[in-house]
1. Quickly run through region 358-377 and pick out the residues that are of a type outside the set (F, W, Y) and open to solvent by 30 Å² or more (accessible area, probe 1.4 Å).
2. Considering only region 18-60, state which residues are at pLDDT 85 or above, open to solvent by 50 Å² or more (accessible area, probe 1.4 Å) and either in a loop (DSSP other than H, G, I, E, B) or among the small types (G, A, S) (or both).
3. Of the residues D282, D292, D302, which single one is in contact with a Lys or Arg (Cβ under 6 Å, 6 or more places away or on another chain), among the charged types (D, E, K, R) and open to solvent by less than 80 Å² (accessible area, probe 1.4 Å)?
4. Of everything in region 351-381, what is under 25 Å from F400 (Cα atoms), more than 18 Å from the chain's Cα centre (by Cα) and not polar (S, T, N, Q)? Give them in sequence order.
5. What residue, of I166, I119, is farther than 27 Å from G38 by Cβ and open to solvent by less than 70 Å² (accessible area, probe 1.4 Å)?
6. Regarding K319, is this residue within 30 Å of T387 (Cβ to Cβ) and buried (at least 18 other Cβ atoms within 10 Å of the Cβ)?
7. Which pairs do you get when a residue that is under 22 Å from D471 (Cβ atoms) and of a type outside the set (S, T, Y), found in region 401-425, comes within reach of a residue that is open to solvent by 50 Å² or more (accessible area, probe 1.4 Å) and not in a loop (DSSP other than H, G, I, E, B), reach meaning Cβ atoms under 8 angstrom, with the pair 6+ apart or on two chains?
8. Return a yes/no flag: does region 259-271 have any residue that is in a helix (DSSP H, G or I) and open to solvent by 40 Å² or more (accessible area, probe 1.4 Å).
Amino acid sequence: MNIPRLYGSIIFLLLNLPFGYGSTSLSRNDDHFRKDSGLALGRGYSVASGDVGAMCLTSEAGLTTPTYDYDFIMNEVEGVGPTGVHLTAEFGDLVAFQWLVDQIGRRRSVSSTQVRNFIIMGLRVDKYYSGLKEPMELAPEPLSSLSRGDVIGFFQMCMPGYVQSIRRTAEVVFSMDYVVNRGVTDTRTYDQIQTLIQDPNNSEELNISGSMTVAVKASGVAVPRERGGLASFVTLNPQDIPDVMEFSFKSIVGNENSGVIQSIEIIPWHSNYAFLIASRSDFDIRYNRCFDSNMRQVSCSDTERVASNEELVLPSVRKRFNLFSNAEHILNLERKLKKDLQETSALNRCLGTVHRLSECDRSLYIQNRVNTNEYITGQELVDILTTVSSETNDISPFAFKVQSLNTYVREYYSKCLSALSENDAGLPSGKMYTTHFSEIDDCTDITCTLQNSYYDEESESCGLRTSGNVDGIVEAYCDPIIMDPQPLVQCRTRLLNGEIAKSGEHICNGDFSFGSMQNGGIGFFHKYSTVLFQVSRLSDSRIALRPGSYIEWNMGQLLYIPGSLNGLSDDCNHMVPPDNNDRQVIYESPTCTSSSCYLEISPNGSLIISDGTITDTEFEYPFIYTFYASYSYALSFSRLTYDEHKDIATSLGGVLVDIQDNPEREHLALSYLQYGDFFIGLERDENGWTWSNGDSFTTNNLWVENPRIDVDDVAVLTARGADNEGRYRATGKNFVNRAVYKWPTSN
């Protein structure tokens, strides 16, 4: 986009007009006030951008003495109960206001018969404008730049202005609280504290009913190492408060660096006498312009071509205007170039990082640092950063940025700075004084100063492009953070023959989905990512819990391919077809075994195997299946009574689980106690405790507590126990709970 010359002239006046011949004050609320920089008296500063330069000005005379203004606030907040937090408006200007609110919130009484009274005091000191005293001197390096005629170098180092004075504030706030009975008015304590502050030498001791808690919050106080340092703020009792108050006030007013910076006064260099002398800007310039016979300007030293000349006078006011307009223009270019360099460097670092991602890491999701609700895969990140398109002139985004940057520097930046640094009127870099940049052909296109501008060699001018998608992606996703756990974001309606579903990829239908879990297992999920139950027909539990595992549907078989034992950052062998020994069959359809068979999930959460005509239904909600020795087990999440669970187990051809030995008990504990305790097939009758299969119960040493006579008639397996391997706890059969069913695997 090209801006017409007249329109561009208006914009350059708005963008590059020097920021005034007097001082400019910036407060902490101003957009360009830099809170993250080391502001100091005499440092260069740009009002336009907030950039901070070098230490460019000193004063052997030292600093001016600031004036002081201070406020002392003291008030009482009475009757703060379980919900009340009341602060009057006078505390609103304190930096510690939120701290006071939190303090009251934490300390308020929760008793229905008592309330807490708070006495709050605040000392706030304003230090108005400590500044450099005259005479001021330029620092050696900036002075050297001006002495050798490097005016551009001076402004690159020292910005268009400098910090002349700084306003600071500091405060110390006390919160004292004590408890009184509800309905009791206590003015004596407040009066005693007030008297103590007014007369610290008062020998009368405080007489406070109950205990008092004193908290201190200081802001902007430069604490000296002598006299105890931070220990000087420790108040062992309310009578220490006057000493702390006096110490704080002396620390604030006695240290020039004490206080939080609230505002700064910026003086343009053209108002500084030391700069005017060193840069020779304090006098009019008289110089000659020479022309040939065609009235074209030529060098006055070329006597053979000079046909005429004229004597010109450049007033010092005009000279300073040109100088500082040109300086602002140069700094605008510096800011634009700095941003472009930072973006190019960030893209280069990002590319290096993403190319080091392993194949499995590229299949995982990367966290968006800016918007944590968004994410892309590592491979998508690689594709965005490396894809060639017409928008990047059919080269990679990085090559395009480097090419654009080089073109901009070569065709505009370098030519403009070279033209401005030319000698003129007998002065080194005289063009900075004699000619406004808008009158120099190599500088006049002010579009080139704007962010996101680029130089178009075909039109020989600058245009604007929208902020590139690549820069936003780099900011959001580099350095890559692999999400843990991986989000459930990919849903497919079915799994066709030969297809795999990696961690985070699920078969979905309505509220339910089926797929890989983060711990390497396989399970059913609800739409809120709640695990309904886990399929775990795997002989090796270590393999079942490997991260990076996935499932495959192949010729009627649901296969489990375990992840690498070394996790996700290895050579990713688990993401390529492994040896047949690593594959484990979770389920094999008895009827649908052709390549046309597929997996899908029903609206009620059951897994369906079908080819369109034959349909099998497996893994019906809500059970978690495991297998041990020659038995199958299912944990029912339904919270029913003991007899109701017993009837369901019988209908399935099994029983409420009877535990034959310790290894079986340990298997049940490791598989199911993570979901809470559950009914087992252990009940008591007139003959004592027996298992559901009729075997007698003999392991009385495994009770967590003795069963209660005439109350407890059944048992649950619970996680309580020294070794956490499962213990028995007696309960009533009419209570509701989960349960585990058991039947021979052959069924």
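1. Quick first cut of region 358-377, residues of a type outside the set (F, W, Y) only: 358-364, 366-374, 376-377.
Within region 358-377, E359, R362, S363, Q367, R369, V370, N371, T372, N373, E374 meet the criteria.
2. Across region 18-60, the qualifying residue is only E60.
3. Numbers: D282 fails: in contact with a Lys or Arg (Cβ under 6 Å, 6 or more places away or on another chain); D302 fails: in contact with a Lys or Arg (Cβ under 6 Å, 6 or more places away or on another chain).
Matching residue, one of D282, D292, D302: D292.
4. L351, G352, V354, H355, R356, L357, R362, G378, E380, L381
5. Values: I166 fails: farther than 27 Å from G38 by Cβ.
Selected residue: I119, the only one of I166, I119 that is farther than 27 Å from G38 by Cβ and open to solvent by less than 70 Å² (accessible area, probe 1.4 Å).
6. On the way: within 30 Å of T387 (Cβ to Cβ): no; buried (at least 18 other Cβ atoms within 10 Å of the Cβ): yes.
The answer is no for K319.
7. L405/L341
8. Kept after step one, since they are in a helix (DSSP H, G or I), are these residues of region 259-271: 269-271.
The next check asks that each one be open to solvent by 40 Å² or more (accessible area, probe 1.4 Å); those that pass are 271.
Yes, there is a match, as at least one residue in region 259-271 is in a helix (DSSP H, G or I) and open to solvent by 40 Å² or more (accessible area, probe 1.4 Å).
The values are calculated or read from the model by the stated rules, or taken from the named source; none is laboratory data. Bear in mind that the values here come from a model prediction, so they are computed numbers and not experimental data. Note that each Cβ is placed from the backbone with ideal geometry, even for glycine, and that neighbours are counted across all protein chains shown. Accessible surface areas use protein heavy atoms only, side chains included; no ligands, DNA or RNA. Shrake-Rupley method; radii C 1.70, N 1.55, O 1.52, S 1.80 Å.
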